[in-house]
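Here the structure comes first, spelled out in structure tokens, and everything after it is commentary.
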Amino acid sequence: MGDSVRQLKRLLGYLREHKFHFIAGLSLVLLMSYTNGVIPVLIRGAIDGGITTGEYRVAIRYALLVLLVAVLNGAFSFSGRYLLVRAAQHAVYHLRMEAFKAIQRQRMEFFDKTYSGQLISRITNDTERITRFLSFRIRMFVYSVFLIIISLYYMARMNTALTGVALITIALVVALNTTYAKKVRPIYDEVRHQTGVIASVSTGSIAGVKTIKALSVEEEIQGKFQEENEKLYSLNVEATKITALYGNAPFLIMGIAMSAMLYYGGRAIMAQNLTVGELTAFLTYMLTMTWPLRALGFTIGDIQRSLAAASRLFEVIDSAPKHIDPPDAVELTSPRGEIEFRDVYLTYHTGKTVLKGLNLKIRPGERVLITGPPGSGKSTLLKLIARFYEPDKGEVLIDGVDVGKIKTSSLRKIVAYVPQEPFIFNRSIRENIALAKPDASLEEIIRAAKIAKIHDFISSLPEGYDTVVGEKGVTLSGGQRQRIALARALLLEPKIILLDDPVSNLDAKTEESLIGDLRDILKGRTAVIVSQRLSMARLADRVIVMVDGKAVEDGSPEELAKAGGLFSEMLGRGGWNGR
């Protein structure tokens, strides 16, 4: 309970900037409750003062009052809803932005153990639930509670016995709604989680559609989706069953209560202890309270689910580092490009130790090929230089400075990382190249494209640099995507370039062409190239062979080829992949 209160207070804190809209909206909701609560009293006056006495002018006057109250009620409803929705949208806008920024600040370990579908679900589904909570559920809760209070006040003034029946009815409905909320919340939490799983499976399947089709594993992927979809279906059916059972019970209780009121009220009218107008008012109050009482149960349950959604978002926000850089972070103004690993250990969250006391020094301007069998820690080495991960033990240094103490803005200018599968956004080629430097001029972009040997291809396109390449660069070949990614990296004029298996997805001809061009592209820069293709050794001044997280061979390609070790053996076989 205490945790829920804290979550609620924190969530309401996002309304601070629009608190006047929020308070004004709730005030109008209170007025709407009051006007709805007055209508049965006016009906009683019309019946007792006009209809039963034959004073039709009195009846008409009350009818006009009911019309006026209805118009006011509509105005209060519209204005209150608008102000609350506006305040809620503003609050959720900031919450969504804060959560998105927190995801961007997360370290790579976070993404290794968190499904992307779950994150998408939190940014979309959870924020949508919170919007409904702040704009609709709070309004319904305040409206329902205040309307019930107003109704009971006027009922008590007319007849205490019938008010007692109403109180017992309200108590039963509230107890029923509370039980419903307790039973349905854990199921809806599972539904929310399973929705995220479905989103993850869908995202992965759509992203990997080419691989799925190439391997003809559509049925297997459909089977996995069907399995998760059936889980979601079962959970939703269970939730529906509970909702159907508890959701309609209040109508039965209210029906029994109204029957009792009719019986008792009829006898009271005959005994002249109650008027027709008062009995009509009581029955109208019961009908008026039916929906608020039922909505109150759903609202209580939804409040709990909304707070659970808020808790999931706050978990993402709180788990992100508040500051990307430490307070003593420095800026490297004249980088030389020296890289050093000092006794570096790293264990992934899965428990696998991928680097085991790695010691390595790369000189400024040196081109180094890191090769070895799969799982030997090659790509991890690049990610440590780029500070995607931090070592468990030891240091990774650039120009003698620990990368963890270099300002991120400075590090990203010094170090350019080109992944094995470069991500091309659904934007123009110009925007894709200028991703890390949005204010870059067209001349700077063209210069980077020329160095990456992609300018001629871009110029041949009908819209040139303004050509939109589709999601993930679907309209481009593997080699073209690699070169655009290189141009993106070169735009910042980095001193260090990290290439993660740049030719792994290229055909032999494109591979040969890229290797030839990389000689010019990498001139004057420190280059660390990870690849299992030993053809990349033609680019290297030095080759390092890694096995089981350690550097087991280190030397020039010519030296290692003659040494008779692993590199020589793999060279004779055509590479680690037999090529």
* To do: Test residue 308 against the stated conditions and say whether it is buried (at least 21 other Cβ atoms within 10 Å of the Cβ) and either assigned to a loop (DSSP other than H, G, I, E, B) or touching a residue at least 12 places away in the same chain (Cβ under 8 Å) (or both).
  => no
* Are any of the residues in the range 93-114 touching a Gly at 6+ places or on another chain (Cβ under 9 Å) and more than 24 Å from residue 35 (Cα to Cα)? -> no
* Asked: Residues 286, 258, 254, 270: which one is crowded, with 18+ Cβ neighbours inside 10 Å, without any contact (Cβ under 8 Å) to a residue 40 or more places away in the chain and either in the same structural domain as residue 41 (by TED's automatic domain parsing) or more than 25 Å from residue 46 (Cα to Cα) (or both)?
  -> 258
* Sort out which residues of the range 349-378 are closer than 12 Å to residue 549 by Cβ and of a type in the set (Ser, Thr, Tyr), and write them in order of number. => 353, 376
* Would a scan of the range 203-224 turn up a residue that is assigned by TED's automatic domain parsing to the domain that holds residue 268 and under 30 Å from residue 273 (Cα atoms)? -> no
* Might you let me know whether the range 73-81 holds any residue that is of a type outside the set (S, T, N, Q) and within 29 Å of the chain's Cα centre (by Cα)? => yes
* Structure fact -> Among residues of the range 466-481 being modelled with pLDDT under 85 and in a helix (DSSP H, G or I), the residue surrounded by the fewest Cβ atoms within 10 Å (Cβ to Cβ) is 471
* Asked: Just one of the numbered conditions (1) surrounded by fewer than 20 Cβ atoms within 10 Å (Cβ to Cβ); (2) over 42 Å from the mean Cα position of the chain (by Cα); (3) in contact (Cβ under 8 Å) with a residue 24 or more places away in the chain; (4) farther than 20 Å from residue 143 by Cα is not true of residue 7; which one?
  -> (2)
* Asked: Residues of the range 10-34 being among the hydrophobic types (A, V, I, L, M, F, W, C) and either touching a helix residue (DSSP H, G or I) at 6+ places or on another chain (Cβ under 7 Å) or in contact (Cβ under 8 Å) with a residue 24 or more places away in the chain (or both), which ones?
  -> 11, 15, 22, 24, 26, 28, 29, 30, 31, 32
* To do: Scan the range 210-245 residue by residue and report those that are surrounded by 12 or more Cβ atoms within 10 Å (Cβ to Cβ) and modelled with pLDDT under 75.
  => 212, 217
* Asked: Which fully enclosed helices (runs of 4 or more DSSP H) of the range 391-455 have 2 or more residues being surrounded by fewer than 19 Cβ atoms within 10 Å (Cβ to Cβ) and in contact (Cβ under 8 Å) with a residue 60 or more places away in the chain?
  -> 408-414
* Return only the number of the condition from (1) surrounded by fewer than 21 Cβ atoms within 10 Å (Cβ to Cβ); (2) within 17 Å of the chain's Cα centre (by Cα) that residue 158 does not satisfy. => (2)
* To do: Answer yes if at least one residue in the range 360-373 is modelled with pLDDT under 90 and either within 33 Å of the chain's Cα centre (by Cα) or in a strand (DSSP E or B) (or both), and no otherwise.
  => no
* To do: Give me a count of the residues in the range 147-159 that are modelled with pLDDT of 90 or more and either over 18 Å from residue 281 (Cα atoms) or polar (S, T, N, Q) (or both).
  => 1
* From the list 351, 277, which residue is part of a helix (DSSP H, G or I) and either more than 30 Å from residue 409 (Cα to Cα) or among the aromatic types (Phe, Trp, Tyr) (or both)? -> 277
* Asked: Can you pull out the residues in the range 87-105 that are modelled with pLDDT of 90 or more and among the charged types (D, E, K, R)?
  -> 96, 98
* With respect to residue 484, is the statement that it is in contact (Cβ under 8 Å) with a residue 40 or more places away in the chain and either in a strand (DSSP E or B) or surrounded by fewer than 16 Cβ atoms within 10 Å (Cβ to Cβ) (or both) true? -> no
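The values are calculated or read from the model by the stated rules, or taken from the named source; none is laboratory data. Quantities reported herein were computed from a predicted structural model and do not represent experimental measurements. Counting neighbours? That spans all protein chains shown, and the Cβs are built from the backbone with ideal geometry, glycine included.
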